[in-house]
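Trainee: Pasting in a structure now, in structure tokens, and then I'll have a few things to ask.
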Amino acid sequence: MGVERALPTLVCASANPDKVHEIEQLLDGVVHLLPRPAEIPDVVEDADTLVGNARLKAMAILQATGLPAVADDTGMFVDALPGELGVRTARYADDRPDHAETPYAANRAKLLDALRAKNCVSDVERAAHFVTVVIVCFPDGSELIVEGRCDGHIAMVERGSRGFGFDPLFVPNPGAFDDDERTFAEMSDDEKNELSHRGRAFRTLASHPLFFRHFGVSLPLGGRETPKW
């Protein structure tokens, strides 16, 4: 029998439980992921780029724990609404009174209203994409940054009950099957992870040789280059 290799340890910097759930799925069997310490206050994400916000979160956890930390930041970019979401995606509808209590719903409602006001009806007119930036900050001062992108369009109405954020509105292109017009919220976790921006970013991280070199190994899990999904 071979000796089971200990998994590298990372601390998850995200304070968003929905994101944490996805990250745990995506890195299962690849690293030993520790939760964000509860006593660490939320980080003010005031950078003007996705990379900057991800770095702020990862560095805060690294400095508090002394351990390598992983963070991500995600932005949606809608062709018909240039400059309106992007780094501000999570705060898109913070000018609406219901955003404080139900930020996901408020963001989706504002997006539908904005596209309706521009009379955007076709898939081309409603084209959008997500970008996720993942950063790992190491105690020696080095960092590794990877990115994942998913193109698609915004549905006319919300569909599905799974996922979070803009999932009930975002239709990835292509879908899991031919002529698949399901939103992320209508897909299983495995289907979404296979197609999504976050899934693509963390798959890149999970097979990146520089990532595992920091932990003294060349490939994850004794040679398996990608996670089990």
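Read the figures in this text as sums done on the coordinates, not as results from a lab. No experiment lies behind these values; they were computed from the predicted model shown. Reconstructed Cβ throughout: ideal geometry from the backbone, glycine too, with neighbour counts over all protein chains shown.
Trainee: Roughly what angle does helix 103-117 make with the longest principal axis of the chain, taking Cα atoms, 0 to 90 degrees, to the nearest 10?
Mentor: 40 degrees
Trainee: Next question. How much length would be gained if the chain were fully extended between ASP18 and THR49, taking 0.36 nm per residue of separation minus their Cα-Cα distance, in nm to one decimal?
Mentor: So the extension gain works out to 9.0 nm.
Trainee: May I ask you to derive the FRET efficiency for ARG116 and SER142 from their Cβ-Cβ distance with R0 = 35 Å, giving the value to the nearest 0.05? Provide the component values of the computation, followed by the final result.
Mentor: Working: r = 47 Å, r/R0 = 1.33.
Efficiency for this residue pair is about 0.15.
Trainee: Under a plain spin-label model, where a point goes 7 Å from the Cα along Cα-to-Cβ, how far apart in nm are LEU210 and HIS32?
Mentor: Label-label distance for LEU210 and HIS32, simple model: 2.6 nm.
Trainee: So how far apart, in nm, are the two label points at ALA109 and LEU7 if each is 7 Å from Cα heading toward Cβ?
Mentor: 4.0 nm
Trainee: Tell me, TYR104, TYR92 in order of fewest to most beta-carbon neighbours within 10 Å?
Mentor: TYR104, TYR92
Trainee: Now, a different point. Of the options GLY141, LEU81, ALA201, report the single residue whose Cα projects farthest towards the positive end of the charge dipole of the chain (beta-carbon charges: Lys, Arg +1; Asp, Glu -1).
Mentor: Towards the positive end, the residue furthest out is GLY141.
Trainee: I would also like to ask the following. Which angle between 0 and 90 degrees, to the nearest 10, do you get for helix 17-27 versus the longest principal axis of the chain when only C-alpha atoms count?
Mentor: Tilt of helix 17-27: around 50 degrees.
Trainee: Fully extended, how many nm does the chain gain between PHE177 and GLU194 (0.36 nm per residue separation, minus their Cα-Cα distance)?
Mentor: Answer, rounded to one decimal: 4.9 nm.
Trainee: Using a Förster distance of 35 Å, how high is the FRET efficiency between THR65 and ARG162, based on the Cβ-Cβ distance and rounded to 0.05?
Mentor: Result of the calculation: an efficiency of 0.65.
Trainee: Can you tell me which of 95-101, 161-167 comes out highest on packing, and rank the rest after it, using the mean Cβ neighbours within 10 Å?
Mentor: Details: 95-101: 11.7, 161-167: 18.3.
So the peptides 95-101, 161-167, ranked by packing, come out 161-167, 95-101.
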